[in-house]
Each structure stands twice: as structure tokens, then as C-alpha cells.
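Note sheet for the following structure.
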Amino acid sequence: ALPICFPLRVGDLQPLLLDKADTAGHMGVYFYQDLFVARQIYQRKPSSHLDIGSRIDGFIGHLLTFMDVGVVDVRPLSGIDGLSCIQADARNLEMVPEGSVPSLSCLHALEHFGLGRYGDEIDPAGWEKSLSEMCRILAPDGIFYLSVPVGRERVEFNGQRIFAVTTILDATRGLALNSVTFIDKAGILDRVYGPGALHNLNNARYAGGVGVFEFTKLAPGMINS
């Protein structure tokens, strides 16, 4: 008789009775967002990519399968092959030269900046200062992928902010809006092109989801219409 390699004891029982009726995986907003933007970057194949505060075990993990990535985070990170990390507060990216980043992302992170949740300094304008720095370091003709929760504008201290679409548009003067893709836990809801259409949106329609904004850096003197 074969030896008993896996003895069964009552104290070790951990019955899970509902998994057989579940789906094959639990996909939410982060999953769809991370995969969507990673595919855009894969298709464009930029010479380099810098990320500000996005999810390491999702979006950054996707990118690392086909390119090296630089990240900026207020928290330390090291020991991942192909990943270089700058530990810094995104309100001040002086270590990154102006106009030097051809491909840039900040996914589901901007809403936290300045709320102190991750050890950063409390600063009500932290999101705006950080976004200004991102616009500064983006190279001419560079692509910027930005996602934030959208809906009725508010701050849920100290968790996050919820943004009106128009707030993001007003804070990104100097960038041309290519598109906004609205995503919820079920996947892509809608994709809208051009700032004119966005100004007329009812933000409540997308409550509970994110807006993934894609911008291109304009030449000096040009602004969003």
C-alpha cells in the first residue's frame, strides 16, 4: 500500500463550497485597465517608458514581459529584473529632465497624491502639482496614459479623490486629448474622442469606474480646445 502523504485531520479542514459555481477568475477595474493600457504601449513600442505610482503586480508586471520600465513611487522598491525605481514624491520630479519621457503612465494613482495614505505629505493640491510635473517631463509628441476614478467630484479622505472629467481636461493644458476610455468592473464601457464631447458628459453615468485618458504632448504654445 502507498504511504499516506497527505494525512487528513479535522483541525486542518478548510471547506470551500462555493468555488465550483464561480467564474474562472475575478476580474475588476484594475485588471481591465492594466491590460488595456499595456496593450496600447505594446503596440506603440516606445523607446522607454516611465510610470508614476501604478500597480506593480498588475500593470507594471504586464509591461515587464516585453520591455524594461522605470517607476516613480513614494515608497521603496527594488529587486525586480528590468525595473528601475526612483523613490520620490511625484509633486517634485526634478530628477527627471523636462521633455525627456517619450511614454508616461499614471494609472489609478493620482487620486491618492497629497492625502497621506502612502506616507506622503498632506497637500490638498498634491494631485494638481503632480499632474503638472508629469506634463512637464513628457517629451514633445510623447504619449501620456492617465487614469482616475470619475463621477461626482469629491474627496473621500484619506482614501482617494473622485474626479469630474472636466477637471482633468482643465489641468492638462498643453496636452492634446486623443481619447478617454471609461472602464468598470465588467470591462470597457465607452470610448470617447475629443474634449468637446467630454465636456457634455454626465459624470454620474460612469460612477464607480475609471476614465483612462490618453494624451499627446503638444508643441509649445498649443493648448486643449
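The values are calculated or read from the model by the stated rules, or taken from the named source; none is laboratory data. Bear in mind that the values here come from a model prediction, so they are computed numbers and not experimental data. Cβ atoms come from the backbone with ideal geometry, glycine included; neighbour counts cover every protein chain shown. Calculation scope for accessible area: heavy atoms of the full protein, side chains included, ligands and nucleic acids excluded. Shrake-Rupley method; radii C 1.70, N 1.55, O 1.52, S 1.80 Å.
For the range 92-110, which positions are part of a loop (DSSP other than H, G, I, E, B) and touching a helix residue (DSSP H, G or I) at 6+ places or on another chain (Cβ under 8 Å)?
Result: Asn92, Leu93, Val96, Pro97, Glu98, Gly99, Ser100, His108.
In the range 24-42, what count of residues is obtained for those that are without any contact (Cβ under 8 Å) to a residue 12 or more places away in the chain and open to solvent by 100 Å² or more (accessible area, probe 1.4 Å)?
3
Any residue in the range 73-82 that is part of a loop (DSSP other than H, G, I, E, B), at pLDDT below 95 and within 17 Å of Glu133 (Cα to Cα)?
Within the range 73-82, one or more residues are part of a loop (DSSP other than H, G, I, E, B), at pLDDT below 95 and within 17 Å of Glu133 (Cα to Cα).
When the residues of the range 45-54 are narrowed to those that are touching a residue at least 40 places away in the same chain (Cβ under 8 Å) and part of a loop (DSSP other than H, G, I, E, B), which ends up surrounded by the most Cβ atoms within 10 Å (Cβ to Cβ)?
Ser54
Please state which one of Val29, Val69, Val96 is of a type in the set (Val, Ile, Thr), in contact with a Leu (Cβ under 6 Å, 6 or more places away or on another chain) and under 26 Å from Ser132 (Cα atoms).
Answer to the selection: Val69.
Table: residues versus (1) modelled with pLDDT under 95; (2) under 16 Å from the mean Cα position of the chain (by Cα).
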site: Arg9; (1), (2): yes, no
site: Leu18; (1), (2): yes, no
site: Leu35; (1), (2): no, yes
site: Leu64; (1), (2): no, yes
site: Val96; (1), (2): no, no
site: Cys106; (1), (2): no, yes
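Residue check, Gly79 against (1) in contact (Cβ under 8 Å) with a residue 24 or more places away in the chain; (2) more than 16 Å from the chain's Cα centre (by Cα), all met but one. Which one?
Failed condition: (1).
What is the one condition in (1) part of a loop (DSSP other than H, G, I, E, B); (2) open to solvent by 30 Å² or more (accessible area, probe 1.4 Å); (3) charged (D, E, K, R) that Asp57 does not satisfy?
So the condition that Asp57 fails would be (1).
Give the number of residues within the range 69-108 that are open to solvent by 80 Å² or more (accessible area, probe 1.4 Å) and either of a type in the set (S, T, N, Q) or under 15 Å from Arg39 (Cα atoms) (or both).
Number of matching residues: 2.
Residue-by-condition table, conditions (1) at pLDDT below 85; (2) open to solvent by 40 Å² or more (accessible area, probe 1.4 Å); (3) touching a strand residue (DSSP E or B) at 6+ places or on another chain (Cβ under 8 Å):
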residue	(1), (2), (3)
Ile143	no, no, yes
Gly151	no, no, yes
Glu156	no, yes, yes
Arg161	no, no, yes
Val165	no, no, yes
Thr172	no, no, yes
Asn178	no, yes, yes
Thr181	no, no, yes
Gly187	no, no, no
